[in-house]
Amino acid sequence: MEALSNPREQNSEIESAVRNLLSCIRRHSSPQAHENPNSSPTVAPQPGTSASFGVGQTVSRPNTVQQEMQRAFPALYHGSRKRMKKMAPEPAKLTSVKFLEFQFCLLSKNSQKTPKDETVLLQAGLGRRTVNIPDNADHTEITKVLLQEYPKLQNLRGGWLPQKASGKFMIPNAFTYFLSFYQHCYCFSHVYLKGDSGQMKTTSLAQDSHGYTAKILKTSSNNGKNVIYIVPLQEEIDITPLPYNAPEFHNMPKNICMTCGISVPFQLLPCPLEDCQSNNVIESESDKEKENEEAHGLSHKSDVICLDACPICGEEFSAEVMPYHASTCAESFPEIFPSIMDGNSVDETASLPSQTSTRLQSTTFQLDPDHLTPGPSVSAESAPSMCDDWKRIELPERPAIQYRQCTLRQKEDEPPLKVRIDIREDMEDQEATMIHFYKVPKIDWTRPLQCRLEGDVATGDGVQRHFFSMVMHKLQNGFLFNVGNGNGTALFEGQADHLIPSTSLVLLQSDLFVMTGRIIGNSFLHGGPSLASVSPAIVHVLLGGSPQTATITIEDVADIDIRETIQMLAVGDSKNDFTEDQKAPINQLAMSWDLPVLTTTKRTWLLHNLLQHAVLTRTWRQVKQLRQGLKETMVWQLLEARPDVASVIFPRQSMADCSTQVLLNNIIWPMEDEEGDNEPPFTTQCRISGYLRKFVETADQCKLKQLVKFWVGWELPMKEMQVKVVQAESPTSSTCFCILRLPAHYTTYDHFKKHLESCIATSDVGFGLV
């Protein structure tokens, strides 16, 4: 214990000695300590200058060099902060702004498709504009730029909603290739992207929480390459054409119109040219009408309408409508359906003397039957109700003729559709040209058609008849090109009056049945041949009938193997059971079509379902494509209103055959008073005419159709088919004028028949006459 206590006592002594030493040092360093010896030792607290030893005692540390220098030189060492040289401010960073070029197009109303014609929009101050927008622009800046570019947007109510349009378009080739492309459209206030494929549907355009920015538009429009459409949501914009000095046209370059002398923007220059020309035509027509009214003393002040009866059909019409009706009456001009006309009128005309009949025909039919038009004082607009008369006519043939005429008359002033076929090529190349022409989508097939044969000098309506005859022949009998079905490709299979569409998947995927519908409708509109021998069950479903109510026969089954299998159910005795060998093919066919196997109680039901599946179920997609093609040619409107007209568009084989009596009734034979200086004697003309009459009476259907096609251009007989006997080496024809020229050097019928058959068989390779 003493050892332990001794160190403690030593430490306390050392500590007291140190304290005494520090007290002495403090007294000598502080002058106040001498003055107040009794005061307690205190030191002002300064950082780094004090230390504590024990309780209530403070030891002062000596000043540092920095503190001494600060006290000696206060101007240089002010406070505790170092005096540093002031740095110059850094220059502000300049940010470069890039401008993006966008193509906008303002539409007039909310639409789910891109516009077809932008000319009307451009005249109203809307349409397409090129706008430069900064790459960092937000929704507000973009809106401000668009309001400056389109002043009509300033008063628009209801807002906009950007959307984009996307579509896919595919054009399969005549044989095997498919061409597809995608095009996207964006718009402001519906923002669309439009390419060259026409109209496309729209979907919403993505946006962020702050609206639409320049980066979003840049991404959506493919760096400004695609057009951006602006579509109002709730309110429509007026599309009345603006004057050419409107603010919307200030930035457009202008030029002077030579017709009216007005400064017109370059983009609108074609529009005033058409307007000026149409105004001149209207003024000239109005002047002519006034002159005619003054010459004939016509007065429009009378409120009484006088009705006159048509001498042909007996219906009553006003004096203004009568000329129009006379030009469209089915019996007032030659038609290409002589077999559907009234038999009594044909026989009466044929029973008249030859001179009287010719005189009546020359008096009644003064114009070319294919170019008859209404009188100059009455137009289609003056009698619009006449275009709906086909809905009230009882017979199905006359509505078809009148509907065709009204439809073509509405489009007669539009640019024609042009097709060229090189007859010097082989038949497969010619077929490829036909298929390529009718596979072009989004075409107005009611426009006039202009056909031309490359390698032949023939022109006119005869070439058009030859084209339709060739196209319909391919539909009826098949094409020569091969798509995997062997030698040739048939679009329809089966026997006469029971043809059904081919079940080939390649033909279906190539949209060849859409092409078939276009060909059928286009040929009907231009008075061409019809597709004959189609099964009544197919026509029933095509017109919208239920497959359950369609009348199906065993002849409608085109596949021979399937027909023989189903035939076993049709001809078998219902009282006797089938053997296992007989049931095997029937059950195999039923199970392949997901039908139950044959039982005694379900025999009739299975027969009906096998027929329906073989004829209708396997061809329903082909029928759907046919209906689409008919809709594109405006023929579906006629079939919907008048289903009975289907017998004209899809006739039976007996109606499509060339009748001998009908052909003889439409022939104009040479007359005695027509003999000229260079023509053979009348006796020679009678002999050659007799040879032709005998040939018509004895020839089969194939030879008759070849003769009619060689004569007029297609297989349908036409009225006023004229015969001329001339000095020539071989028979020739002018199909445009329906004239057959026969040489006069024949002395025997056999020589005449042999030479004529060899000539009419060459109608597929050209004409040779203009």
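With the condition kept exactly as written, say whether any residue in segment 407-416 is outside the structural domain of Val645 (by TED's automatic domain parsing) and in contact with a His (Cβ under 8 Å, 6 or more places away or on another chain). Within segment 407-416, one or more residues are outside the structural domain of Val645 (by TED's automatic domain parsing) and in contact with a His (Cβ under 8 Å, 6 or more places away or on another chain). Selection of segment 584-602 for residues being surrounded by fewer than 16 Cβ atoms within 10 Å (Cβ to Cβ) and either touching a residue at least 60 places away in the same chain (Cβ under 8 Å) or part of a helix (DSSP H, G or I) (or both) yields Ala584, Pro585, Gln588, Met591, Ser592. The single condition among (1) in contact with a Lys or Arg (Cβ under 7 Å, 6 or more places away or on another chain); (2) at pLDDT 55 or above; (3) among the hydroxyl-bearing types (Ser, Thr, Tyr) that Tyr186 does not meet is (2). Taking Leu449 as the residue in question, decide whether it is closer than 30 Å to Ser510 by Cβ and either in contact (Cβ under 8 Å) with a residue 40 or more places away in the chain or among the acidic types (Asp, Glu) (or both). Against the criterion (closer than 30 Å to Ser510 by Cβ and either in contact (Cβ under 8 Å) with a residue 40 or more places away in the chain or among the acidic types (Asp, Glu) (or both)), Leu449 qualifies.
Of Leu638, Leu607, all but one fail to be surrounded by 15 or more Cβ atoms within 10 Å (Cβ to Cβ) and closer than 24 Å to His526 by Cα; the exception is Leu638. Against the definition (surrounded by 15 or more Cβ atoms within 10 Å (Cβ to Cβ) and either of a type in the set (Lys, Arg) or touching a residue at least 12 places away in the same chain (Cβ under 8 Å) (or both)), how does Gln625 come out, yes or no? The answer is yes for Gln625. Determine whether Val514 is surrounded by 14 or more Cβ atoms within 10 Å (Cβ to Cβ), out of contact with any helix residue (DSSP H, G or I) (no Cβ under 6 Å at 6 or more places or on another chain) and in the same structural domain as Gln637 (by TED's automatic domain parsing). Criteria not met by Val514.
Residue-by-condition table, conditions (1) assigned to a loop (DSSP other than H, G, I, E, B); (2) surrounded by fewer than 16 Cβ atoms within 10 Å (Cβ to Cβ); (3) not acidic (Asp, Glu):
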site: Met434; (1), (2), (3): no, no, yes
site: Phe437; (1), (2), (3): no, no, yes
site: Asp444; (1), (2), (3): yes, yes, no
site: Gln450; (1), (2), (3): no, yes, yes
site: Leu453; (1), (2), (3): no, no, yes
site: Val463; (1), (2), (3): no, no, yes
site: Phe467; (1), (2), (3): no, no, yes
site: Met470; (1), (2), (3): no, no, yes
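The values are calculated or read from the model by the stated rules, or taken from the named source; none is laboratory data. Predicted model, so just to flag it, every value in this text is computed and none were measured. Positions of Cβ are backbone-derived with ideal geometry, glycine not excepted, and every protein chain shown enters the neighbour counts.
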